[in-house]
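The block underneath contains the structure these notes are about, expressed in structure tokens.
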Amino acid sequence: MTTTNRWRALTRHNLFWPVAVLVALLLVNIPFTPDFFAIHMTDGHLYGSLVSIVLFGSPLILVAVGMTLVIATGGIDLSVGAVVAITGALTCSYISDRKDQDALAGVLLAMGLGLLAAVVCGLWNGFLVARMGIQPIIATLIIMVAGRGVAQLITDGQIITINSEPYKLIGGGYWLTLPFSIFVVAAVVAVTVALTRRTALGLLVESVGGNAEASRLVGIRSMRIKIMVYVFCALCAGIAGLMISSNTSAADGNNAGLWIELDAILAVVIGGTSLLGGRFSIGGTVVGALVIQTLTTTIYTIGVPTQTNLVFKAAVVIVVCLLQSPKFRAKVFGARAKTPAPATPPAAPAEPAPKMEVS
């Protein structure tokens, strides 16, 4: 295989361009922050820009991983931001009512109630989509709108603050010198990859996304698969809600997880998963989420004015999506050269038919 063919094969890999953009964004920060890649240890904890990117990007990674499976079935989940708010509000509300907020049993029970509420939201979404046949964007829009109201009802429209050391570990604590949330994300991603790539579950999800009716006719319970992925997506959003509220030691029903659903969908698309359903990439989604978080960090690092940061973010996202388009790369970079067809030799002139002599 020649060098050119190897390069073409590398650039066609679904992770090449997301990783290339991620590396480019990281390098852009060096002129503005020379010690951007520096990692130092203070009080037994690792600190640095790279650690912060993974730390603050952990909730987005979790939501995006769940969103990946939903999109792979041809659906969409707009309710994850509201689920984040509901989970954080319910958990912090329960802890704040406890006399001893550091009691481990009370904290675990509060987390269980929050995650149970997230699972119920996922079951509702799955029921509307799979059983009732409602379009996913409409079915999940219900909780997206109503869920914020439910979260504010739980908090009475106020920001609930708590002071619980066990609960703070989830989103703001450290373990083995690293933020504890990194280990939570790594565990969720590892379990998801094991279930979808080491078992037949991944193929079932992709088949439902490719053609749900054909999958049903061959014996695949497509309705059950759809309900399962919506529950899993809501569960991931619930864990993200625990992280966000734990990191701030507060629950904000109005702003917690606001618009995280859009960033999650964008991370899935950047990672190479089609919105039409079918094949998906968990690794690509993780890279896409890191791209989004790195872009957010870069905006603040290089000093982009706050009134234009959304426009700047949108421009970078457009560039990333264009770079992933094979047609765009072929037109701009000449990824595939057209070889001229070999010239056809001219046909030999036909010999005249022999004349018949009449005697």
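Values as computed for the structure displayed
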quantity: Calculated log₁₀ intensity ratio I(q)/I(0) where the Debye formula runs over C-alpha points of the range 289-331, q = 0.25 Å⁻¹; calculated: -0.84
quantity: For the range 117-217, size of Cβ-based charge dipole, Lys and Arg +1, Asp and Glu -1, in debye; calculated: 180
quantity: Which of Ile318, Ala103, Ile220, positive extreme of dipole for the chain (C-beta unit charges); calculated: Ile220
quantity: Leading residue at positive end of dipole, the chain (Cβ point charges), from Thr296, Leu195, Asn29; calculated: Leu195
quantity: For the chain, convex hull of alpha carbons as volume per residue, Å³; calculated: 246
quantity: For Leu78, net neighbour charge (Lys/Arg +1, Asp/Glu -1) across residues whose Cβ lies under 14 Å away; calculated: -2
quantity: Surface accessible to a 1.4 Å probe, per residue, for the residues of the chain, Å²; calculated: 53
quantity: Sequence-distant residues sharing a close amide H with Trp175 (under 5 Å, placed H); calculated: Phe180
quantity: Magnitude of the charge dipole, the range 48-324, Cβ model with Lys/Arg +1 and Asp/Glu -1, debye to 20; calculated: 680
quantity: Whole-number percent relative contact order across the range 48-324, with pairs defined as alpha carbons under 8 Å at least 6 apart; calculated: 36
quantity: The range 292-309 - phi-based ³J(HN,Hα) in whole Hz, Karplus 6.51/-1.76/1.60, Gly and Pro as x; calculated: 4, 5, 5, 4, 4, 5, 5, 4, 6, 5, 7, x, 5, x, 4, 6, 10, 5
quantity: Compactness of the range 232-309, expressed as Rg and Dmax over alpha-carbon positions, Å; calculated: 14.5, 40
quantity: Dipole of the chain [Lys/Arg +1, Asp/Glu -1 at C-beta], most positive-end residue of Ile143, Gly88, Val205; calculated: Val205
quantity: Accessible area, probe 1.4 Å, largest first, for residues Ile134, Ile142; calculated: Ile142, Ile134
quantity: Summed residue charge, Cβ within 13 Å of Met67's Cβ, Lys/Arg positive, Asp/Glu negative; calculated: -3
quantity: Sulfur and carbon atoms: percent of accessible area, the range 255-332 [1.4 Å]; calculated: 69
quantity: Mean shadow area of the range 180-252, taken as a quarter of the surface of its Cα convex hull (nm²); calculated: 5.9
quantity: Percent accessible area from carbon and sulfur atoms, the range 1-108, protein chains only, probe 1.4 Å; calculated: 65
quantity: Exposure of Arg224 as accessible area (Å², to 10), given a probe of 1.4 Å and all protein chains; calculated: 150
quantity: Under Karplus coefficients 6.51, -1.76 and 1.60, residue-wise ³J(HN,Hα) of the range 75-81 in Hz, glycine/proline x; calculated: x, 7, 10, 8, 8, 5, x
quantity: Phi-based couplings in Hz for the range 109-123 (Karplus 6.51, -1.76, 1.60; Gly and Pro marked x); calculated: 5, 5, 5, x, 5, x, 5, 5, 4, 5, 5, 4, 4, x, 4
quantity: Overall form of the range 93-250 per C-alpha gyration tensor (a/c, 1.5; a/b vs b/c); calculated: oblate
quantity: Amide hydrogen neighbours beyond the local backbone of His45, cut-off 5 Å, H modeled; calculated: none
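The values are calculated or read from the model by the stated rules, or taken from the named source; none is laboratory data. Since the structure is predicted, the reported quantities are computational estimates derived from the model, not experimental observations. We place every Cβ from the backbone using ideal geometry, glycine too, and count neighbours over all the protein chains shown. The protein model used for the area step is the full one, side chains on, heavy atoms only, and it has no ligands, DNA or RNA in it. Shrake-Rupley method; radii C 1.70, N 1.55, O 1.52, S 1.80 Å.
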